[in-house]
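To keep things clear, I will list the structure first and then write my remarks on it.
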Amino acid sequence: MKTLISRLLLKLRQRHPFLATIMMFSEYRFSQATEHFSTNGKVIDINHEYFKNLTPEQQAGVLLHTCLHCALLHPSRKKERETLKWNAASDIVVNNILDDIPSVEIPNGTAHNLNFQELSVEQVYEQLETCPASELNQLCQICVNQNNQGNYPALIQDLTQSDNSPDQLKKITTFWKRAVTQARTSSGSKHHGCGHLGLLREIGAIEEPQIDWRTHLWRFMSLTPCDFSGFDRRLIHQGLYLEELLADSLNIIMAIDTSGSVGDQELTTFMSETKAIMHAYPHIKVMLYFIDDEMVGPYILNDNTELPAATGGGGTDFHVFFEELKTQDQFMPQLCLYLTDGYADFPEQGPDIPLLWVVTPGGAETREFPFGEVARLSF
């Protein structure tokens with residue numbers, strides 16, 4: 001088997017140096033422990049009898065398919081999501097990448113749908129999450145072997161439930177992030193050898209740092225020109241050099257994206273984070289809007305205010321909020337927050353005050369935001 005893998009690596013190196021390098025980091029284990037193949041993100045188990053009966057193109061597909069699941073952290077990114085649909089979403093993303101590689105055949109029995117080429121694994125999962133089990137096979141029907149009829153639950157399930165501890169998961173994540181970085185470096189340039197848009201999107205998802213966005217918010221607040229100045233001299237004798245709060249309140253204007261592309265989980269998280277802001281920073285006053293392609297609001301909030309019910313469900317239009325922002329001279333906002341998945345057209349110019357986008361996992365990529373700073377929620 002080592003000879004077979006070495007042969008595949010030699011074939012890949014010229015056309016796909018990134019993939020060849022990633023495969024060198026993979027730990028393959030051939031045994032009877034799994035019916036076909038599976039991985040927990042650390043070790044790839046492949047059934048020896050199953051594998052030796054495949055064609056060379058199919059063998060290449062199995063090796064690359066499982067390798068990409070590991071490198072793109074699909075087992076650990078699953079978190080609390082439903083296993084069957086996460087497996088299907090992960091298969092679709094990986095197989096859409098493999099679809100463009102010559103002499104590689106997508107593994108029989110794994111999900112494949114070219115209609116999801118523009119989506120990350122989290123976004124594909126959102127599409128599958130809302131469909132009934134009876135319709136799941138329709139979304140996963142484009143499989144490599146058209147003779148393979150039957151529902152997706154009966155097909156190969158290649159992502160196993162990870163039993164790794166949190167420390168082990170952290171080590172695995174660090175290992176694969178370093179492997180991806182090294183593979184990109186050895187490929188000769190940032191994109192050479194991994195230029196498939198789906199692959200680049202998935203790499204961006206695992207490389208993008210997960211920011212505690214409320215800490216990020218505090219950094220924004222401490223930079224506003226009218227709320228802090230120097231140290232509070234009343235506490236210096238205690239050895240505490242804390243910023244002195246000069247204003248009674250800080251005015252923030254906030255938009256919550258309630259468009260149809262924002263799911264119930266995301267919207268619930270947006271509302272929870274808004275509550276957390278109010279309780280963490282009681283001197284804040286918030287002017288809140290719910291926005292899809294229209295605006296509902298404003299609602300003036302403080303620590304003692306009950307949050308209003310979110311409304312929306314239409315399309316997404318960022319323009320309406322930023323036009324409204326130009327008229328808020330009386331409220332005098334010092335900071336703007338926009339909680340969104342980021343999928344909409346942006347206006348040409350941003351606001352004159354600091355702007356922080358708080359974006360859902362699987363939302364628009366950071367480089368797609370033309371102004372402001374971006375922090376990501378992690379569910």
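Each value in this text was obtained by applying a stated rule to the coordinates, not by laboratory testing. Being a predicted model, the structure only gives us computed values, none of them experimental. Here Cβ is always computed from backbone atoms with ideal geometry, including for glycine, and neighbour counts include all displayed protein chains.
For the pair Glu82 and Asp264 in one chain, pulling the backbone fully straight at 0.36 nm per residue adds 64.0 nm over the alpha carbon distance. Rounded to whole numbers, the Karplus 3J(HN,Hα) couplings from phi for the stretch 74-87 are 4, x, 7, 6, 4, 6, 9, 6, 5, 4, 4, 6, 5, 4 Hz, using 6.51 cos²θ - 1.76 cosθ + 1.60 with θ = phi - 60°, and x at Gly and Pro. Based on the Cβ-Cβ distance from Arg15 to Lys326, what FRET efficiency comes out when R0 is 45 Å, to the nearest 0.05? Efficiency at R0 = 45 Å is approximately 0.30.
With 24 Å as the limit, the listed pairs Lys285/Lys326; Lys79/Lys170; Lys42/Lys85; Lys78/Lys275; Lys2/Lys79; Lys52/Lys79 have Lys78/Lys275; Lys2/Lys79; Lys52/Lys79 beyond it between alpha carbons.
Distance between the pseudo-spin-label points of Thr130 and Thr305 (7 Å out from Cα toward the beta carbon): 2.9 nm.
Cα centroid separation, the stretch 49-76 to the stretch 283-339: 48 Å. Counted residue by residue at 0.36 nm each, then reduced by the alpha carbon distance between them, the extension gain from Asp293 to Phe175 reaches 38.2 nm. Segment Asp352..Ala33, full-extension length gain: 108.8 nm, with 0.36 nm per residue of separation and the alpha-carbon distance subtracted. Whole-Hz Karplus values for the stretch 50-63 come out as 4, 5, 5, 8, 8, 6, x, 5, 5, 4, 4, x, 5, 5 Hz, taken residue by residue from phi with 6.51 cos²θ - 1.76 cosθ + 1.60 and θ = phi - 60°; glycine and proline positions read x.
Treating r as the C-beta distance of Phe371 and Ile5 and R0 as 51 Å, the FRET efficiency rounds to 0.60.
With both labels modelled 7 Å from their Cα along Cα-to-Cβ, the Gln168 to Glu49 distance reads 2.8 nm.
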